[in-house]
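The structure appears right after this line, and notes come after that.
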Amino acid sequence: MSKKLQIVNIAEAHELDFFQSIAELIQSAKHNVEKQVNTTMVVTYFEIGRRIIEKEQQGAKRAQYGKKVLQGLSDYLTAHLGKGYSVDNLKLMRRFYVVYSAASIGESVITQFNSNITWTHYVLLMRIENPDERQFYEIEIANNGWSFREFQRQYDTSLYERLALSRNKKKIRELAMKGQIVSTPQDLFKDPYVLEFTGLPEKSEYTETQLEQKLIDNLQQFLLELGKGFAFMGRQVRFTYEEESFYVDLVFYNRLLKCFVLLDLKIGRLKHQDIGQMQMYVNYYDRKIKLHDENPTIGIVLCRDKKDAMVEMMLPAENKRIFTAKYKTVLPSKEELKKLLKVSIYEP
């Protein structure tokens with residue numbers, strides 16, 4: 001019997017609660033220490049970048065002088081402190097200062113950086129040329145505690161561009177200033193949804209059941225793609241009306257909007273019957289399932305292809321509850337999405 005199991009057998013229930021509270025306290029302290037160390041290192045790299053810039057500016061021939069300074073500094077730091085101070089890393093620190101120095105005006109360097117954003121996050125953030133897009137991701141990482149892997153996935157799938165394409169000019173600016181604020185059903189929506197984690201080729205022959213299973217198998221990643229506040233409720237959720245049974249592919253609940261979100265999967269082109277079916281699902285949930293203090297149900301039909309004109313004609317002019325979106329099983333072209341976003345911004 002392990003030592004851990006012996007302790008569990010000996011201890012009374014109230015003692016176990018006490019033991020657990022102490023363990024949680026220690027774990028919390030370790031986590032806080034890690035965050036403090038991370039912030040300290042980020043600030044240190046920022047300061048190193050500043051000093052490198054100032055030193056290079058003293059040279060008469062800056063390009064050659066700067067190269068010499070970086071190589072000499074790298075050799076010295078590596079000899080005295082070990083790995084991690086290559087010329088390439090020092091260049092990153094220099095760029096870090098250049099990118100973020102303007103933002104530090106009027107506030108101390110220590111308060112400029114969020115403890116949830118690690119140096120690894122910043123290395124990727126520095127590559128984002130659009131300052132609005134960069135600021136959006138900074139806010140989302142800070143607010144949601146994204147790991148670097150989660151951030152990398154959201155950036156690679158062009159989350160900012162996809163959210164921006166479904167918003168007007170004012171809302172696009174709000175993305176940069178506040179991040180993704182979920183207060184209306186439209187705030188949840190993005191087009192397309194990217195399901196590259198399913199591993200399904202873009203033009204492969206597969207069934208809706210197979211697509212659904214892949215989403216369930218990768219539920220954590222699918223929840224990340226759906227966005228904020230989603231909780232999974234069930235698949236193929238059955239309800240019966242007038243002795244006929246119907247099945248909703250995927251049912252979620254959004255804690256921020258306090259409403260059910262129903263998803264229907266279509267592997268082909270969207271048909272008007274699909275929208276009508278979703279409207280019936282939404283109506284049923286509103287009238288039979290949701291509680292009086294919950295908000296109206298939202299329905300989303302995910303399809304490979306759709307005609308926007310047909311969708312617009314099928315739905316009410318002030319529609320805020322039924323949405324249709326394409327899905328892609330491969331990463332979209334970031335450059336293509338950026339071009340589409342520029343067009344949408346400058347359209348009258």
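Scanning the range 216-234 for residues that are more than 18 Å from Ile141 (Cα to Cα) and not in a helix (DSSP H, G or I) turns up Asn218, Ala231, Phe232, Met233, Gly234. Every test in (1) of a type in the set (Lys, Arg); (2) surrounded by fewer than 18 Cβ atoms within 10 Å (Cβ to Cβ); (3) at pLDDT 85 or above; (4) in a loop (DSSP other than H, G, I, E, B) is passed by Arg238 save one, and that test is (4). For the range 254-266, taking the residues that are part of a strand (DSSP E or B) and either surrounded by fewer than 17 Cβ atoms within 10 Å (Cβ to Cβ) or in contact with a Lys or Arg (Cβ under 9 Å, 6 or more places away or on another chain) (or both), the one that is modelled with the lowest pLDDT is identified as Lys266. The single condition among (1) out of contact with any strand residue (DSSP E or B) (no Cβ under 9 Å at 6 or more places or on another chain); (2) part of a loop (DSSP other than H, G, I, E, B); (3) polar (S, T, N, Q) that Asn295 does not meet is (1). Candidates in the range 113-122 are the residues that are over 13 Å from Phe46 (Cβ atoms) and not in a loop (DSSP other than H, G, I, E, B); of these, the one that is nearest to the chain's Cα centre (by Cα) is His121. Residues of the range 291-311 that are farther than 17 Å from Arg235 by Cα and under 28 Å from the mean Cα position of the chain (by Cα): Glu294, Asn295, Pro296, Cys303, Arg304, Asp305, Lys306, Lys307, Asp308, Val311.
The values are calculated or read from the model by the stated rules, or taken from the named source; none is laboratory data. None of the values given here were measured: they were computed from a predicted structure. Quick reminder, even Gly has a Cβ in these numbers, built from the backbone with ideal geometry, and neighbours come from all protein chains shown.
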